[in-house]
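The values are calculated or read from the model by the stated rules, or taken from the named source; none is laboratory data. The shown structure was predicted, so the numbers you read here are calculated from the model rather than taken from an experiment. Virtual Cβ from ideal backbone geometry, glycine too; neighbours counted across all protein chains shown. For accessibility, only protein heavy atoms count, side chains too; no ligands or nucleic acids. Shrake-Rupley method; radii C 1.70, N 1.55, O 1.52, S 1.80 Å.
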Number of protein chains: 2
Amino acid sequence: MEKAIREVQDTIGEDSISIDDEVLHAHGYSNWANHNIDKLPVAVVFPTSTEEVSQMVKICNKYKIPIIPFSGGSSIEGNFAAPFGGMSFDFVHMANILQLHPADMDVVVQPSVSWMDLNEKIKDSGLFFPIDPGPSAKIGGMVGTNCSGTNAVRYGTMRDWVVNLTVVLADGQVVKTRRRPRKSSAGYNLTGLFVGSEGTLGVVTEITLKLTTIPEETGVGVVTFPSMRAAAKAAVDVVHKAIPVGAVEILDDVQMNVINRAGNTDRKWKETPTLFFKFAGTTGAVKDSIAQVGQVVKAHGGSDFEFARDEAEQKSLWSARKEALWSMLSLRTHGNEVWSTDVAVPLSRVADLVEVCKEEMDALGLFGSMMGHIGDGNFHETILYDGEKEKEEVKRCVHSMVQRAIEMEGTCTGEHGVGLGKKEFLPEELGLGTLEVMRTIKKSLDPHWLLNPGKIFDA
Amino acid sequence: MEKAIREVQDTIGEDSISIDDEVLHAHGYSNWANHNIDKLPVAVVFPTSTEEVSQMVKICNKYKIPIIPFSGGSSIEGNFAAPFGGMSFDFVHMANILQLHPADMDVVVQPSVSWMDLNEKIKDSGLFFPIDPGPSAKIGGMVGTNCSGTNAVRYGTMRDWVVNLTVVLADGQVVKTRRRPRKSSAGYNLTGLFVGSEGTLGVVTEITLKLTTIPEETGVGVVTFPSMRAAAKAAVDVVHKAIPVGAVEILDDVQMNVINRAGNTDRKWKETPTLFFKFAGTTGAVKDSIAQVGQVVKAHGGSDFEFARDEAEQKSLWSARKEALWSMLSLRTHGNEVWSTDVAVPLSRVADLVEVCKEEMDALGLFGSMMGHIGDGNFHETILYDGEKEKEEVKRCVHSMVQRAIEMEGTCTGEHGVGLGKKEFLPEELGLGTLEVMRTIKKSLDPHWLLNPGKIFDA
């Protein structure tokens, strides 16, 4: 390892690597993660180009050192933990928009571009990138976990928006998964394979993303319900009827309470199961959608719509939803921890699962909220707990939620990825044969198991 | 091979295999294909279940016999040709809809289900499957080539609509790529890897497809233009403005002439570059979209809209477009052949490419039409030619189109797949390193190179 560090310094420069304790800690431990381990990376490298990544990977390959890509550092399942030490590759110096092609409706970016910054910077083109995970996420990590967010019900997930990737393979070779057509049937879908592989198959250094047109008008409306079941059923009904909503999010009474306590909006919300709708499109289409959704929610016992009164309120209301996890984290006091996780199930089972999970959390006396991208069958449980006393109960509660989701033909993670935290569930969810196919691909592309080892599955 | 045939007969039954000349010919030669070779499969097997496919694959594996999956038989790039002989796996007895889950908006089908039959059979559920390639295509082959069709501009491609696959691997083992959540981040995206792999990584025996809601209203409108460039630019502008059209297709003067000659619609169309639009949605949204598209096409020199007058005319008009290749085939006389192929490029280059290809075809004096899914940057050239005299010119013309598409950062195939016909273009399009990654995956999953050998790339 010392030799490797010296070789990186000699080849690329003194500043390209750090072994400072604080730096190591910041790249191996996370305040937001459900899973922190005792190990840290041994060094952190700061490449400035694909070429430098390739050189660094070659050095790691020579000395058989684990490689762990790092961008936003806000993933929560231990996706960038360093169980085998190794080098964390921090892309902080690769945070540029390289090319914007407005006429082709795509953009080429480096891994540490933040999706929110990207949208801010390109907004004059009339285009935007619609995948919206947590505000601190960066494109590199978003590729790694195949993330999504509130817009997925309309726009799909990360995988649907990546045109091509530049990837440094385990031996340092640089490949590009394909050119820039919006669709292609030319050979294997390597783009879609690298997306969601959590850095275990290659190190992504450049990403071409599709963009779409900023809607003429948006609106945010809120409807309250007597129960989570009613709210979930209303949301699924909107999807069944294919009413073009921009997003539909479910939030339980606890989450509404947390929003009120965080105080980011200048009104008090009713603390009861709630659906947040986003509407987007032409003025006519938005009006049309609101009327249709209004009918559906009424039929499920929902209240009248309350609309954000202006753009500022729309923004703060939606960001209250987007920052739900952060709000919860801000409630922590000494000894408190937060466990936040997600599952996804077929649409017909969402209401059942939400209801039973809520009951179970209450029965255990845990302070936790439920919310989620209900239109995709994807939801999150976020529990604030006493790190010493309640850890086992929380684990049991989460375990039971995931188990139920899998039994309902769902998945242990809809958008956060496997990391360390969901590894134990994959054999049951996928079956050993399917897992073995994944392992075979991994071994063929990374024979020494150097790329983010210990994530998704073990060697 | 004889031993293998006997073993299939003994294990699964006499009727499960054929070596009849006519049957072999029907599974190795195609009237529609651009590429026919002298070789035929040595036998055709007719499995009735995943279990039987597994048994047959095990026998093929034991005797090292190539395995070639076959469903609709209407692919055109030689995708089911048998350059190394082997066994064609015809799924004609696996043509059932296994489970329809209306509440989950998905359906489980076998490989030989036709997408048109599927939609006819499930229409009472209010749902449909939106991927619409040629009318004779079946789901198995559609998975193989990652096909799309006219609806892609709104709904995406095959890959976006497959939830999971049951796959028989090269050694006969059966795996399922994942359960039934609509989205997932649990491990590698095997579903998306098998889709588009043309049967070279495994034999697909069951497919779960997402469905969507049948739109309340549809409309078909036609606009003519003074040039292909103007028509292409108008189509791309509609996409840029994100006006929600159901489809936008470009057809050149020759194709309009072919439609008139085929006589499937009871009016004569102007034989000039034309855009066909499909509109779909609520009554209000359709009206809104028509008005907006009307403005865009006017700005590009387009005519007024002509609308299909009723549902029957909508259907026949759209099927005229869908059957364009078939219409061209029906014009063949003795010695004539048809070469039909597709490319895709970034949106900004579509007008350039369409224009130059049209000029070149005319300059060569070839009778060919151009049409395509212009909103995706994907289009088709279909040439009717004298099989003896004009073959070299046609080859040159197609080669030049593909070359130009690749230079424009596009792809040699947007939706037909590589098969035999596009193999020569992959090294330039993807680069040798990327192709080697594909080959590495192929070798790891099919070490004896038994699954549809000779397609996409060579060993």
Using all Cα-Cα distances in region A:97-213, what percent lands in each 10 angstrom bin from 0 up to the longest?
-> 14, 50, 31, 4, 0
Here the relative contact order (percent) of chain B, from C-alpha pairs under 8 Å and at least 6 apart, is 16 percent
Just which residues of region A:317-351 lose 20 Å² or more accessible area with every protein chain there, against their chain alone, with the probe set to 1.4 Å?
-> A:PRO346, A:LEU347, A:SER348
Residue-by-residue Karplus 3J(HN,Hα) for region A:274-289, coefficients 6.51, -1.76, 1.60, Hz, glycine and proline x | 9, 10, 9, 10, 10, 10, 8, x, 6, 3, x, 5, 4, 4, 4, 5
Per residue and in cubic angstrom, what volume does the convex hull of the Cα atoms of chain B have?
-> 144 Å³
Could you state the angle between the C-alpha long axis of helix B:391-407 and the longest principal axis of the C-alpha atoms of chain B, as a value from 0 to 90 degrees rounded to the nearest 10?
-> 80 degrees
Share of accessible surface on carbon and sulfur in the protein assembly as shown, whole %, 1.4 Å probe and ligands ignored, is 49 percent
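Nearest 100 Å², what total accessible surface is buried between chain A and chain B (probe 1.4 Å)? Mind dumping the intermediate values first?
Details: alone 19210 and 19210 Å², together 32220 Å².
So the total buried area for this chain pair works out to about 6200 Å².
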From highest to lowest solvent-accessible area (probe 1.4 Å; ligands, DNA and RNA excluded), B:ASP252, B:ASP38 read B:ASP38, B:ASP252
Rounded to whole angstrom, the alpha-carbon centroid of region A:50-103 lies from that of region A:308-373 at a distance of 30 Å
Lysines near A:LYS176 by alpha-carbon distance under 17 Å, same-chain residues fewer than 8 away left out - which ones?
-> A:LYS210
Per 5 Å bin, what is the whole-percent P(r) computed from every C-alpha pair distance within region A:316-459?
-> 2, 9, 17, 18, 18, 14, 10, 7, 3, 0
Which far-off residues, 5 or more places away or on another chain, put their amide H under 5 Å from the one on B:LEU127, with H placed in the peptide plane?
-> B:ILE214
Taking Cα atoms, how many degrees apart are the long axis of helix A:350-363 and the longest axis of chain A, rounded to 10 and kept between 0 and 90?
-> 90 degrees
Taking H placed 1.01 Å from N in the peptide plane, check which residues at least 5 places from A:GLU415 or on another chain put their amide H under 5 Å from its amide H.
-> B:SER185
What the 10 Å binned alpha carbon P(r) of region B:1-92 shows, as percent of pairs per bin from 0, is 18, 53, 25, 3
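How shielded is B:430-442 by partner chains, expressed as the average number of their Cβ atoms within 10 Å of its Cβ atoms? Don't skip to the end; give the middle numbers.
Working: counts 10, 6, 1, 6, 11, 3, 3, 14, 6, 3, 4, 8, 2.
Across the residues of B:430-442, the mean count of other-chain Cβ atoms within 10 Å is 6.
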Rounded to the nearest Å, the spacing of the alpha-carbon centers of region A:400-459 and region A:251-292 is 35 Å
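Where only protein heavy atoms count, and the probe is 1.4 Å, what is the accessible area per residue for region A:97-213 in Å²? If you can, show how the numbers build up before the last one.
Details: 2860 Å² over 117 residues.
The answer is 24 Å² per residue.
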Helix A:228-240 versus the longest principal axis of chain A: what is the Cα-based angle in degrees, 0 to 90, to the nearest 10?
-> 80 degrees
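May I ask you to derive the FRET efficiency for B:ASP458 and B:ARG332 from their Cβ-Cβ distance with R0 = 35 Å, giving the value to the nearest 0.05? Don't skip to the answer; put the middle values down first.
Values: r = 32 Å, r/R0 = 0.90.
That gives a FRET efficiency of 0.65.
Assuming 0.36 nm per residue, please report the length gained on full extension of the stretch A:ASP310 to A:GLU51 beyond their Cα-Cα distance.
Values: separation 259, 0.36 × 259 = 93.24 nm, distance 4.74 nm.
Roughly 88.5 nm would be gained on extension.
What FRET efficiency comes out for B:LYS121 versus A:ASP10 if R0 is 60 angstrom and r is the Cβ-Cβ distance? Round to the nearest 0.05.
0.35
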With every protein chain left in place, what is the accessible area per residue of region B:300-412 in square angstrom, probe 1.4 Å?
-> 39 Å²
Amide H to amide H under 5 Å from B:GLN99: which residues, 5+ apart in sequence or cross-chain, H placed 1.01 Å off N in plane?
-> B:VAL108
SASA check, A:GLU14, accessible area w/ 1.4 Å probe, all protein chains in place, rounded to nearest 10 Å², comes out at 120 Å²
